[in-house]
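Working notes for the structure below.
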Amino acid sequence: MGEMHNLRCSKCGYGIEANTGIGMLYSEENVVNNFLADLIEDSKLTNQAKTLLKEGNRLNENYGHAIYACPNDFYLFNKFYFQLDPTEFVPQYPCPYCQTTLERVTFAKGSLGTTKLKFIEEPKKFWQCPKCGNEELNEISYGNWD
Ligand SMILES: [Zn+2]
Ligand SMILES: [Zn+2]
């Protein structure tokens, strides 16, 4: 079961509704054989992944929908994260606005009732609202999906 987040900038309201994690149909077999193109939503990346799978790569068990941000302009996106082993291939999703490769973000502590997002690969780098520069988000609603 995955989580559903509705995150909004506490100042201007910019934000994202994002699903994270995996649904109950997301077995490794289903993801590889049936869902891959729909999850990746990028034909070039899908073809890269399919070629690697044909060549004997396996889907790492750590996969699911995730929140990504552009490290350049900080726009937020909901993308599917996965890794293929042993090549350690991970999808590089380009930002539609500036083509910078999107990076995964994770929740960090904000002040009471708010959250911040930080870049997983650069733990000292915090997300900033692309519209107003604020760093804090309110979680408007939270739930589960399957
Ligand atoms: Zn804002
Ligand atoms: Zn960008």
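Here are some notes:
- Flag for residue 6 being more than 16 Å from ligand 1 (Cβ to nearest atom) and either in contact with a helix residue (DSSP H, G or I) (Cβ under 7 Å, 6 or more places away or on another chain) or of a type outside the set (Lys, Arg) (or both): no
- If the condition is being within 17 Å of residue 79 (Cβ to Cβ) and surrounded by 17 or more Cβ atoms within 10 Å (Cβ to Cβ), then segment 106-117 contributes only 117.
Let's see how each residue does on (1) within 16 Å of ligand 1 (Cβ to nearest atom); (2) of a type outside the set (Asp, Glu); (3) within 17 Å of the chain's Cα centre (by Cα); (4) more than 30 Å from residue 9 (Cα to Cα):
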| site | (1), (2), (3), (4) |
| --- | --- |
| 31 | no, yes, yes, yes |
| 37 | no, yes, yes, yes |
| 52 | no, yes, no, yes |
| 87 | no, yes, no, yes |
| 91 | no, yes, yes, no |
| 111 | yes, yes, no, no |
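- If you go through segment 32-86 and keep only what is buried (at least 19 other Cβ atoms within 10 Å of the Cβ), within 29 Å of residue 130 (Cα to Cα) and small (Gly, Ala, Ser), you end up with 66, 69.
A short reminder: the numbers here are calculations on the coordinates, not readings from a lab. What you are looking at is a predicted structure, and each value in this text was computed from that prediction instead of being measured. Glycine also receives a Cβ, built like all others from the backbone with ideal geometry; neighbour counts cover every protein chain displayed.
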